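Scroll down for the structure; my scribbles are underneath it.
The values are calculated or read from the model by the stated rules, or taken from the named source; none is laboratory data. This is a predicted model, so every value here is computed, not measured. Cβ: placed from backbone, ideal geometry, glycine included. Neighbour counts: every protein chain shown. Ligands, DNA and RNA are stripped out before the accessible areas are found, and what is left, the full protein with its side chains, is counted by its heavy atoms. Shrake-Rupley method; radii C 1.70, N 1.55, O 1.52, S 1.80 Å.
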Amino acid sequence: MTTTGAATPPRPFAGFGDEAELDLDLASPRVAAQVVKRLLSPDFEDWSTAVARVGSCTNPIHLTGTSTRVDAGTGEVLSSYSSDSEPLGTTLIRCGNRRADKCPSCSRVYAADMFHLIRSGVAGGKGVPERVGENPLVFATLTAPSFGHVHGKRDNGRACRPHAKMSRCEHGRLTTCLAKHEDGDPLLGQPLCWECYNYASHIVWQWWAPELWRRFTIALKRLLAQRLDVREAKLNDHVTVQYSKVAEYQRRGLIHFHALIRLDGPKADEGFAPAPGWLTAQHLADLVQEAARSVRFTAPPVLADDVDRVLAFGAQADSRPVKVGHRTDDPNGPLAPEQVAGYLAKYSTKSATDTVDGEASNSHLRRIQTVAGEFATLVEDEWAAAGMPCELKELTYGLLGKWHTALGFRGHFATKSRRYSVTLGALRRARRRAQALLADAQRTGIPVDLTAMEAQLLADDEDETTLVIGSWAFAGIGWDTEGDVQLARAAAARAREYAQHRAEIKRVAGQSN
Ligand SMILES: [Zn+2]
Ligand SMILES: [Zn+2]
Ligand SMILES: [Zn+2]
């Protein structure tokens, strides 16, 4: 049972204080013994300080060495640092993994960066002018078509699949389902008949999904050129299309693309120019729909005795204007930038393994993996028999084996066009600079000037007034034991609970104002 809605009071919190229970998985006696040993060890304080300094990363990189910051002009040593000063004698660096199943803590940092990256492309900030918010913007979802009937949650409490021409398929399985599935029902996303389900086409579609997206962007530009009555080659003199998109797995094991698509004015050095005033977000939304519907790609056969397949996006392509400054809880209304940035940032930390190895795991998803793996082996054999050079493998399905754990999806999970907003690199560099500034402030006692800080942190140029001289060696990766990993995970969970608690208090305070 899930509760939603603005009226939900903040839940009572005992999730983060010193007295709160740690969220540990101690099913294995070996891990439980490791945890107890760590908690009782004489250097536990040092160890937990080290965990805290690396933000409870579950797989940190250990380095040993020294570095010295020197003023490039005067040669004055500003600060020096050695890994010897660290509690464990090594300097720990976050693993930086985007995936929540790999490192909950680093994936939250990644999601936060993604949120800012996406949000600044919608409403400005982080070096992006606020007027970008006046350009037409739509939120589009491009879906996969159906490769067989699957159990699903329907709108308005309707039954799963009440009507079917025949009540049983040729395999003797029911083709109707009168259940009203709820979230968490293990049947969701599972085919009604796995023998009727077209696994081969499912995998071929997923394999070419990045190509379908590429063709979609080309189709959109062509439609825009028609609408503006200009030659396609000259489109950039009038408008440019910017986007950020993420791929999200659905329960049936197919990906959806969620994208923010923005129309800017002519390509100019600084980007973000105003779009023609008469072209509204609704016009753009309509063109996005039309472009999505028009995309076709003829996929070559997987094996010599296989067929060509004409691929397209699913019929339920959705594209809606995003209104800056608009707040709504109406599911069919316009979207607010925070909502969209939040969705996309959340999706970007998920992966196939969350779906396949996680709670949602089921025989359908494992079957997709198996069939993809079998295809890969057959393709390899065919290539070997034909004496084809391996360099050509990438052209068709030669690398399917590499991607079978991702259910055949080989694309990136989060991508953006170059001038959508800031880059992840710029946000990471800004964080490093902020840490250096705070360290300087501590050292000198001169307070940090926050007013000019953001521009300073996000500036493109590398700081040339100080030099960093250092020598570092790799000293390992990860924590000593699985018990330590569990403790780091539990600390990350506690930090997350605390952050949610603070966000909830802020939200409730905002409502009562
Ligand atoms: Zn990490
Ligand atoms: Zn059903
Ligand atoms: Zn069947």
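With every protein chain kept in the model, how would you rank Val288, Val230 by accessible area, 1.4 Å probe, largest at the top? Could the numbers behind the result be given before it?
On the way: Val288 0, Val230 35 Å².
The ranking, largest first, comes out as Val230, Val288.
Give me the number: length gained by fully extending Ser85 to Asn156, i.e. 0.36 nm times residue separation minus the C-alpha to C-alpha distance, one decimal in nm. Numbers along the way, then the final one.
Details: separation 71, 0.36 × 71 = 25.56 nm, distance 6.08 nm.
Gain on extension, Ser85 to Asn156, equals 19.5 nm.
Kindly sort Met114, Met166 by accessible area of their heavy atoms, largest first, with the probe set to 1.4 Å.
In descending accessible area the options line up as Met166, Met114.
At a Förster radius of 60 Å, what calculated FRET efficiency corresponds to the Cβ-Cβ distance of Lys37 and Asn236, to the nearest 0.05?
Working: r = 63 Å, r/R0 = 1.05.
After rounding, the FRET efficiency stands at 0.45.
Output the pairs from Lys153/Lys350; Lys350/Lys506; Lys37/Lys102; Lys102/Lys180; Lys153/Lys245; Lys126/Lys221 with a Cα-Cα distance over 31 Å in this structure; if there are none, say none.
On the way: Lys153/Lys350 21 Å; Lys350/Lys506 27 Å; Lys37/Lys102 24 Å; Lys102/Lys180 34 Å; Lys153/Lys245 25 Å; Lys126/Lys221 28 Å.
Long pairs (Cα-Cα over 31 Å): Lys102/Lys180.
Using the Cβ atoms and a cut-off under 14 Å, what net charge is assigned to the surroundings of Lys180, where Lys and Arg are +1 and Asp and Glu are -1? Walk me through the numbers on the way to the answer.
On the way: positive: Lys153, Arg154, Arg158, Arg161; negative: Asp155, Glu182, Asp183, Asp185.
With Lys, Arg at +1 and Asp, Glu at -1, the net is 0.
Normalised by the number of residues in the range 100-165, what is the relative contact order in percent for Cα pairs under 8 Å and 6+ residues apart?
Working: 26 pairs, mean separation 8.5, N = 66.
Relative contact order here is 13 percent.
In the full protein assembly as shown, how much of Glu76 is accessible to a 1.4 Å probe, in Å² to the nearest 10?
About 100 Å², ignoring ligands and nucleic acids.
Along the charge dipole of the chain, which of Leu378, Ala475, Thr298 sits closest to the positive end, that is, farthest toward it, with unit charges on the beta carbon of Lys, Arg, Asp and Glu (+1, +1, -1, -1)?
Towards the positive end, the residue furthest out is Thr298.
In degrees, nearest 10, range 0 to 90: what is the angle between the Cα axis of helix 482-512 and the longest Cα principal axis of the chain?
80 degrees
Not counting ligands, DNA or RNA, and with a 1.4 Å probe, what is Cys177's accessible surface area in Å² rounded to the nearest 10?
20 Å²
For the chain, take the longest principal axis of its alpha carbons; what is the angle in degrees between that and the long axis of helix 424-444, to the nearest 10 within 0 to 90?
10 degrees
Under a crude label model (7 Å from the Cα following the beta-carbon direction), how far is Leu467 from Glu270 in nanometres?
Each label point is offset 7 Å from its Cα along the Cβ direction, giving 3.6 nm.
If contacts are Cα pairs under 8 angstrom and at least 6 residues apart, what is the relative contact order of the chain in percent? Working shown, then result.
On the way: 819 pairs, mean separation 127.6, N = 513.
Relative contact order here is 25 percent.
Subtracting the Cα-Cα distance from 0.36 nm times the residue separation, let me have the gained length for Leu22 to Lys506 in nm, one decimal.
171.7 nm
To the nearest 20 debye, what is the magnitude of the charge dipole of the chain about its Cα centre, counting +1 on the Cβ of each Lys and Arg and -1 on the Cβ of each Asp and Glu?
Working: 62 positive and 61 negative charges, 337 e Å.
Dipole magnitude for the chain comes out near 1620 debye.
Roll a 1.4 Å probe over the protein heavy atoms and report the accessible area of Thr176 in Å², nearest 10.
40 Å²
What is the gain in length, in nm to one decimal, between Thr481 and Ala441 on full extension, counting 0.36 nm per residue of separation less the C-alpha to C-alpha distance? Intermediate results must be reported in sequence, preceding the final value.
Values: separation 40, 0.36 × 40 = 14.40 nm, distance 3.70 nm.
Full-extension gain reported as 10.7 nm.
With equal scatterers on the alpha carbons only and no solvent term, can you work out the Debye log10 of I(q)/I(0) for the range 146-293 at 0.17 1/Å?
-0.98
Work out the charge dipole of the range 110-181 with +1 on the Cβ of Lys and Arg and -1 on the Cβ of Asp and Glu about the Cα centre, then indicate which of Tyr110, Ala164, Asn135 is farthest towards its positive end.
Ala164
In degrees, nearest 10, range 0 to 90: what is the angle between the Cα axis of helix 104-123 and the longest Cα principal axis of the chain?
70 degrees
Once both labels are modelled 7 Å past Cα along the beta-carbon direction, what's the Ala384-Asp71 spacing in nm?
6.7 nm
Between Lys402 and Leu228, what is the label-to-label distance in nm when each label sits 7 Å out along the Cα-to-Cβ direction?
3.6 nm
Just the number please: accessible area per residue for the chain, 1.4 Å probe, all protein chains included, in Å².
Details: 28010 Å² over 513 residues.
Accessible area per residue, the chain: 55 Å².
Along the charge dipole of the chain, pointing to its positive end and built from +1/-1 on Cβ of Lys, Arg, Asp and Glu, which listed residue (Gly398, Leu78, Gly55) has its Cα farthest out?
Looking along the dipole axis, the top candidate is Gly398.
As an exercise, use a Förster radius of 41 Å and the Cβ-Cβ distance of Phe474 and Arg366 to find the FRET efficiency, rounded to the nearest 0.05.
On the way: r = 37 Å, r/R0 = 0.89.
My answer for the efficiency is 0.65.
Could you sort Lys37, Lys350 by their accessible area in this structure, using a 1.4 Å probe and putting the largest first?
Values: Lys37 155, Lys350 95 Å².
Accessible-area ranking of Lys37, Lys350, largest first: Lys37, Lys350.
Per residue and in cubic angstrom, what volume does the convex hull of the Cα atoms of the chain have?
Given the Cα convex hull of the chain, per-residue volume reads 230 Å³.
How large is the direction-averaged shadow of the alpha-carbon convex hull of the range 280-326, in nm²? Numbers along the way, then the final one.
Numbers: hull surface 17.7 nm².
Mean orientational projected area (the range 280-326, Cα hull): 4.4 nm².
Okay, helix-only estimate at 222 nm for the chain: each DSSP H run of n ≥ 4 adds -39500 (n - 2.57), divide by all residues, round to 500 deg cm²/dmol; what do you get? Each step should come with its number before you reach the end.
Working: 11 runs with 184 residues, N = 513.
Estimated from H runs of four or more residues: -12000 deg cm²/dmol.
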